[in-house]
Amino acid sequence: MYDVIIIGGGPAGLSAGLYAGRAALKTLLIEKSAVGGQILQTAEIDNYPGSPEEESGSSLIGRMKEQAQRFGIETVFDEVTDVEPEGAVKKVIGRKGVYEGKTVIIAGGASPAKLGCPGEAELTGQGVSYCATCDGAFFSGLEVYVVGGGDAAVEEAIYLTRFARKVTVIHRRDALRAAKTIQEKAFANEKIHFLWDSVVTGLEGQGMLEAITVKNVKSGEETRIEADPNDGLFGLFVFIGFIPKSELYKGKLKMEDGYILTDENMQTSVPGVFAAGDIRRKSLRQVVTAAADGAIAAVQAGKYIEEAE
């Protein structure tokens, strides 16, 4: 029997683990694959307080993981297939076993949203990517396109200029949504170009991405962009948002547009069950807010246990 079971090992989960561990709560963190979550795919982080210059997602997570483990939290790698949140004893069912706890903190995060256009599925990993850090180096000296206009899209476009000879940002609006400082860096970079008011409607290629069809949302005109004949291929990086990993909790917790609803204490609609990070409804999804969510959830889980005893 655990005091706290944390589902998800990203910044929210690790922060929850740190606070729960420091409070001497018997804590289990369950992660499907690699501890770290989406942030592992981020090459540069300069908006997390106290981070050194040239901070990366992996270096930040490495310190978070080590710090949480110092306070004795257990970690198990398992895929959660079901959750029974009601009652004094919460059950988390995984492929490897059933875990029981007095409280549960859901920190499962979110996954990249897809374009949903023809050719995307077939060419994923063959020119289509959702991770610049993972795949940027494969396109050294080539042209790449980035879909999106928020912080992540523009930051990754800047990162990709390390490898690609030209980076074109495709955005459905006529202005970026990214923070002004990020926009300024992008506009000042000679390698970055912009294709405004456009969406991707089709992808083509024999084994590798060779052509993109884009549609102007104002005129309705479609344009087919082919790879330079000397290259024979190019890259497409998609950063258009995320989808919360919340399927398991439908019908069990109150949700809105797939996001779990919580109060300011991260409490969900079920007593003793908390949610933290990108999986919950919130106004800002950043590492710093995920860490704050995790800390609050762990402290409130401790208070819940005290009051229940």
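Some notes on this structure:
- Taking the criterion of being in a loop (DSSP other than H, G, I, E, B) and open to solvent by 60 Å² or more (accessible area, probe 1.4 Å), the residues of segment 24-50 that qualify are Ala24, Lys26, Lys32, Ser33, Glu44, Asp46, Asn47, Pro49, Gly50.
- Residue that is nearest to Gln267 (Cα to Cα) [pool: residues in segment 285-299 that are assigned to a helix (DSSP H, G or I) and open to solvent by 40 Å² or more (accessible area, probe 1.4 Å)]: Ile296
- Of everything in segment 264-284 that is basic (Lys, Arg) and more than 13 Å from Ala12 (Cα to Cα), the residue that is most open to solvent (accessible area, probe 1.4 Å) is Arg281.
- Only one of the listed residues (Ala20, Ala12, Ala88) is at pLDDT 90 or above, under 19 Å from Lys303 (Cβ atoms) and either part of a loop (DSSP other than H, G, I, E, B) or open to solvent by 20 Å² or more (accessible area, probe 1.4 Å) (or both). That residue is Ala88.
- For segment 148-193, the candidate set comprises residues that are touching a residue at least 60 places away in the same chain (Cβ under 8 Å) and assigned to a loop (DSSP other than H, G, I, E, B); within that set, the residue that is farthest from Glu221 (Cα to Cα) is Ala164.
- Any hit, segment 175-187, residues being surrounded by 14 or more Cβ atoms within 10 Å (Cβ to Cβ) and out of contact with any helix residue (DSSP H, G or I) (no Cβ under 9 Å at 6 or more places or on another chain): no
- Per-region count, segment 217-233, residues assigned to a loop (DSSP other than H, G, I, E, B), of a type outside the set (Gly, Ala, Ser) and within 22 Å of Glu143 (Cβ to Cβ): 6
- Contact map, segment 292-305: first residue farther than 12 Å from Pro11 by Cβ, second residue open to solvent by less than 10 Å² (accessible area, probe 1.4 Å) and assigned to a helix (DSSP H, G or I), Cβ cut-off under 6 Å, separation 6 or more or different chains; pairs are Ala297/Ala16; Ala298/Ala16; Ala298/Ala20.
- Some residue of segment 251-259 being at positive phi and charged (D, E, K, R): yes
The values are calculated or read from the model by the stated rules, or taken from the named source; none is laboratory data. Just so we're clear, the structure is a prediction, and the values are computed from it rather than from any experiment. Neighbour counts run over all protein chains shown; Cβ positions are idealised from the backbone, glycine included. Surface areas here come from the heavy atoms of the whole protein model, side chains and all, with no ligands, DNA or RNA. Shrake-Rupley method; radii C 1.70, N 1.55, O 1.52, S 1.80 Å.
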